[in-house]
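One structure is given here, and the rest of the page talks about it.
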Amino acid sequence: MRDKHSQPKQSAEGKGVILLLIGGVVILAVAGIVIFKRPSSPPPPPPEERPEVAKEASFPAPLVISQPTRPIAIPVVPDAGTAASQEEEKPKKRSARRSEKLGTIDTQEVNRFMNARFAQVKTCYERRLKTNSFLEGKLDLNIQVMSSGKVTGVSVNDDTVRDAEMLACVKQVIRAWQFPKPEGGRVVIAKTFTFKKKA
């Protein structure tokens, strides 16, 4: 026959053993967490990813090549290109201009003058390139300059661009220029522009 007092004692011992086991498990768990959570060297940062910028549709950048001027002393040559509007000068003005003797002009000075105003010609090409992205070619002009430096006419020797609006724009721009004054009379300046899209 079991002692009545031995039952509570055994249950108390059993509870103590369970508590010890639980305590041991908790200690092991904490130790494992501490060991595995120990800070290590941080992983290398991922390479920077640059967001892709959507490419905007744009026309190719134009390339306009300005050839050096070639002062020439020749009679005025009629247009060989396709001008948007051909202005006929009055006979009086034409005869007056032909009666003026031919002069000379400093080529380097003319080149500096035209290079300073080159962006105006380029603008004519850029404007038309927006309408026709295949526009390319060469424009060879004769610019008639009076002894006062005023432009009296722009004629075309060669026009492979074949765009009437662009030619009219270039002529209008050049007619507004006031060139350095030639010496000894009027001059005719030959100028070639090459218009080409950049690759």
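Since every read-out is calculated from the coordinates, none of them should be taken as a lab result. Since the model is a prediction, treat every value here as computed from it, not as a measurement. Neighbour counts run over all protein chains shown; Cβ positions are idealised from the backbone, glycine included.
Of 130/150; 171/197; 130/171, which ones are farther than 30 Å apart at the Cα?
Distance filter (> 30 Å) returns 130/150.
Which distance in nm do the two modelled labels at residue 19 and residue 123 give, with both placed 7 Å along the Cα-to-Cβ direction?
If labels sit at residue 19 and residue 123, their model points lie 9.7 nm apart.
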